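**Student:** Quick one: this structure, given as structure tokens, is what I'll be asking you about.
The values are calculated or read from the model by the stated rules, or taken from the named source; none is laboratory data. Since the model is a prediction, treat every value here as computed from it, not as a measurement. Glycine gets a Cβ as well: all are built from the backbone with ideal geometry, and neighbour counts include every protein chain shown. The area values use the complete protein model at the heavy-atom level, side chains included, leaving out ligands, DNA and RNA. Shrake-Rupley method; radii C 1.70, N 1.55, O 1.52, S 1.80 Å.
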Amino acid sequence: MSSLVWVELDGGAPECNLRELRRGSAPGVLACAVVKANAYGHGVRQIAPLLPSADWFAVNSLEEGLELRGFGITRPIVILGYVALGDLAAAVEADLALTVYNRETVEKIASLASLPRPARLHVKVETGTGRQGVLPEDLEAFVRLVKATGNSRLEGLSTHFANIEDTLNHAYAEEQLERFSSALRLVEQVAERPPIVHAACTAAALLFPKTHFTMLRVGIGLYGLWPSRETFLSAREQGAVPALAPVLSWKTRLVQIKSLPEGSFVGYGCSYRTTRRTTVGILPVGYSDGYDRALGNRGHVLVRGRRAPVIGRICMNLTLVDLTDVAGAGLEDEVVLLGTSGRESISAEVMAEWAGTINYEVVSRISPLLPRTIVERR
Ligand SMILES: *Cc1c(COP(=O)(O)O)cnc(C)c1O
């Protein structure tokens, strides 16, 4: 079947990107590949096998963890998000490590009879992100509770940075790192040093070797995207700019081409009116596919190596573009929404700017229903 809207993945790129992300790490530091949200919209079923050297995987939910196990992934997996009390047994049965920060979770695990193995617990420390995590003042009691739980094992200690990618001033990240280091010392005193200590998202992995501890926990960089312009500038300041290669292209085809006279309205709400005789191209992609509605009258697509502006509003399943300046466009010609055509390209960062968001959101909202195909570029 010919796809009308699809995602192409560069098969060699994820592993190359992972190698770049590990470049600043000491030997022996593990790498956990964050594949939540369908591998940031890339397709987790396709991406996981493209990362043979990832030591761990991280997902957000129990469902995502079970899905990975269903694909035959036997490597360790940690669930970063919350698991409902009633589902904890299922997580342990699938050998999914749990991020824990509520007493209720640990008490529930303690009460479970006949688990097939000890629950693998990663205690998350709140160091200033104000999100999930145990407050430093509650940490000692929390770790004692974990230690007293017969059917579990304190496998990991983790935290997450609040603004490491948002600024060139890393004083706040340093403060969080300080708090995390004290938390680690406390845990060592109360229990023992957990074997897996992890804090470094992509920006931290790239900029701060001090945050690497025993494992990196990287997402966006695996997909060849920079966490932010600030991270790129900081890396450049440090003189070490890794070569990240975007993994994903997003494509569709022209399903109708027509010529409208000057003064014609185009699309819902009559928000665009032609100012000349206009060749309009119809694309079978819309906001239900993840093509942001904010791109209406604002974005561009690439056809035959030329830019074609989006005109009118983005519909649920359709988008209209101005092909007047694209010579020779024909029915079913390939259209690039994200990626490269000839000498032109549209990056996730540029699309994010059009839509008033960040590259993370642009890719992670690409519909999981679209087919993903793997291409070899190198
Ligand atoms: C998403 C996420 C990451 C990965 O962050 P990137 O910036 O994509 O590398 C790491 N840790 C946690 C807790 C996350 O939620």
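**Student:** Hey, what do the phi angles of segment 205-211 turn into as Karplus ³J(HN,Hα) couplings, whole Hz, using 6.51/-1.76/1.60 and θ = phi - 60°, x for Gly and Pro?
**Tutor:** 4, 6, 9, 10, x, 4, 8
**Student:** Given a 1.4 angstrom probe, what's the average accessible area per residue across the chain, in square angstrom?
**Tutor:** Value returned for the chain: 43 Å² of accessible area per residue.
**Student:** Separate question: Just read off the accessible area of Met316 with the full protein assembly in place, 1.4 Å probe, to the nearest 10 Å².
**Tutor:** 100
**Student:** Please report, largest first and rounded to whole Å, the three semi-axes of the ellipsoid equivalent to segment 248-375, where each semi-axis is the square root of five times an eigenvalue of the C-alpha gyration tensor. Mind showing how you got there, number by number?
**Tutor:** Details: eigenvalues 102, 55, 34 Å².
For segment 248-375, the semi-axes come out at 23, 17, 13 Å.
**Student:** Go ahead and collect, in residue order, the members of segment 218-241 whose backbone nitrogen is under 19 Å from a label point 7 Å along the Cα-Cβ direction of Leu168.
**Tutor:** 226-241
**Student:** Could you point to the residue in Met351, Gly133, Thr159 farthest towards the positive end of the chain's charge dipole, with +1 and -1 charges on the Cβ of Lys/Arg and Asp/Glu respectively?
**Tutor:** So the residue furthest toward the plus end is Met351.
**Student:** Given a Förster distance of 25 angstrom, what is the FRET efficiency for Lys210 paired with Arg75, based on the Cβ-Cβ distance and rounded to 0.05? Walk me through the numbers before you get to the answer.
**Tutor:** On the way: r = 26 Å, r/R0 = 1.05.
That pair, Lys210 with Arg75, gives E of 0.45.
**Student:** In terms of modelled amide H atoms, which long-range or inter-chain residues lie less than 5 Å from the amide H of Arg253?
**Tutor:** Under 5 Å from the amide H of Arg253 lie the amide H atoms of Val335, each far enough along the sequence or on another chain.
**Student:** Please calculate the 1.4 Å probe accessible area of Thr99, with all protein chains present, and give it to the nearest 10 Å².
**Tutor:** 10
**Student:** Can you sort Trp56, Trp354 by solvent-accessible area, 1.4 Å probe, largest first? Don't jump to the answer; show the numbers that get you there.
**Tutor:** Numbers: Trp56 10, Trp354 45 Å².
So the residues, ranked largest to smallest area, are Trp354, Trp56.
**Student:** Also, I was wondering about something else. Based on the Cβ-Cβ distance of Ser53 and Leu115, what FRET efficiency does E = 1/(1 + (r/R0)^6) give at R0 = 25 Å, to the nearest 0.05?
**Tutor:** Working: r = 31 Å, r/R0 = 1.22.
Computed FRET efficiency for Ser53 and Leu115: 0.25.
**Student:** What is the extension gain from Asn102 to Arg293, computed as 0.36 nm multiplied by their sequence separation minus the C-alpha to C-alpha distance, in nm to one decimal? Each step should come with its number before you reach the end.
**Tutor:** Details: separation 191, 0.36 × 191 = 68.76 nm, distance 3.83 nm.
Residue separation times 0.36 nm, minus the Cα-Cα distance, leaves 64.9 nm.
**Student:** Which length gain, in nm to one decimal place, applies between Glu332 and Ile257 when the Cα-Cα distance is subtracted from 0.36 nm times their residue separation? Before the final figure, lay out the partial values.
**Tutor:** Details: separation 75, 0.36 × 75 = 27.00 nm, distance 0.97 nm.
That works out to 26.0 nm of additional length.
**Student:** Read phi for every residue in segment 13-30 and hand back ³J(HN,Hα) as whole Hz from Karplus 6.51 cos²θ - 1.76 cosθ + 1.60, θ = phi - 60°, with x for Gly and Pro.
**Tutor:** Residue by residue, segment 13-30 yields 5, x, 5, 4, 5, 4, 4, 4, 5, 8, 4, x, 8, 5, x, x, 6, 7 Hz.
**Student:** Kindly list the residues of segment 67-110 that lie in the label zone of Ala141, defined by a backbone N under 19 Å from the point 7 Å along the Cα-to-C-beta vector.
**Tutor:** 100-110
**Student:** Let me ask another. About its Cα centre, what dipole magnitude does segment 11-237 give when the only charges are +1 on Lys and Arg Cβ and -1 on Asp and Glu Cβ, stated in debye to the nearest 20? Can you show the working numbers first?
**Tutor:** Working: 23 positive and 25 negative charges, 96 e Å.
Dipole magnitude for segment 11-237 comes out near 460 debye.
**Student:** Can I ask one more? Ignoring ligands, DNA and RNA, what percent of the 1.4 Å accessible area of segment 11-237 is carbon and sulfur?
**Tutor:** On the way: 4530 of 8940 Å².
Answer for segment 11-237: carbon and sulfur cover 51 percent of the accessible area.
**Student:** Please work out the FRET efficiency for the pair Asp87 and Arg131, using the Cβ-Cβ distance as r and a Förster radius of 22 Å; give the result to the nearest 0.05. Display every interim value, and only then the final one.
**Tutor:** On the way: r = 21 Å, r/R0 = 0.94.
That pair, Asp87 with Arg131, gives E of 0.60.
**Student:** Of the residues Gly281, Gly70, Gly133, which exhibits the maximal mean-square fluctuation in a Gaussian network model of the chain defined by a 10 Å Cα contact cut-off?
**Tutor:** Its mean-square fluctuation being the largest, the pick is Gly70.
**Student:** Anything over 31 Å Cα to Cα? Flag those among Lys108/Lys210; Lys147/Lys210; Lys210/Lys251, in the order listed. Please list the in-between numbers first.
**Tutor:** Numbers: Lys108/Lys210 35 Å; Lys147/Lys210 28 Å; Lys210/Lys251 40 Å.
Where the Cα-Cα span goes over 31 Å, the pairs concerned are Lys108/Lys210; Lys210/Lys251.
**Student:** Related question: Taking 37 °C and 0.692 mPa s as the conditions, I'd like the Stokes-Einstein D for the chain in µm²/s, using the Kirkwood hydrodynamic radius from alpha carbon pairs.
**Tutor:** On the way: Rh = 22.5 Å.
Estimated via Stokes-Einstein, D reaches 146 µm²/s.
**Student:** I would also like to ask the following. Who wins for biggest fluctuation among Leu66, Leu233, Leu323 in a Gaussian network model of the chain, springs between alpha carbons below 10 Å?
**Tutor:** Ranking Leu66, Leu233, Leu323 by mean-square fluctuation puts Leu233 first.
**Student:** Using only Cα atoms, locate the centre of segment 321-378 and the centre of segment 31-98, then give the distance between them in Å, rounded to an integer.
**Tutor:** Here the two parts' Cα centres lie 28 Å apart.
**Student:** I'd like the GluC sites (Glu not before Pro) in segment 199-303 restricted to DSSP loop residues with at most 15 other Cβ atoms within 10 Å, sorted by number. Intermediate results must be reported in sequence, preceding the final value.
**Tutor:** Working: sites: Glu230, Glu237, Glu262; in loops: Glu262.
Those that pass, being in a loop and sparsely packed, are Glu262.
**Student:** Pick out which of Gln189, Gln46, Gln132 has the largest mean-square fluctuation in a Gaussian network model of the chain, springs linking Cα atoms closer than 10 Å.
**Tutor:** Checking each option, the largest mean-square fluctuation is seen for Gln189.
**Student:** Can you list, bin by bin at 10 Å, the percent of alpha carbon pairs in segment 136-283, starting at 0?
**Tutor:** Going from the shortest bin to the longest, the percentages are 10, 26, 18, 15, 14, 9, 7, 2.
**Student:** How long is the gain from Ala148 to Arg307 if the chain were fully straight, where each residue apart is worth 0.36 nm and the alpha carbon distance is subtracted? Don't skip to the answer; put the middle values down first.
**Tutor:** Working: separation 159, 0.36 × 159 = 57.24 nm, distance 6.28 nm.
Additional length available on full extension: 51.0 nm.
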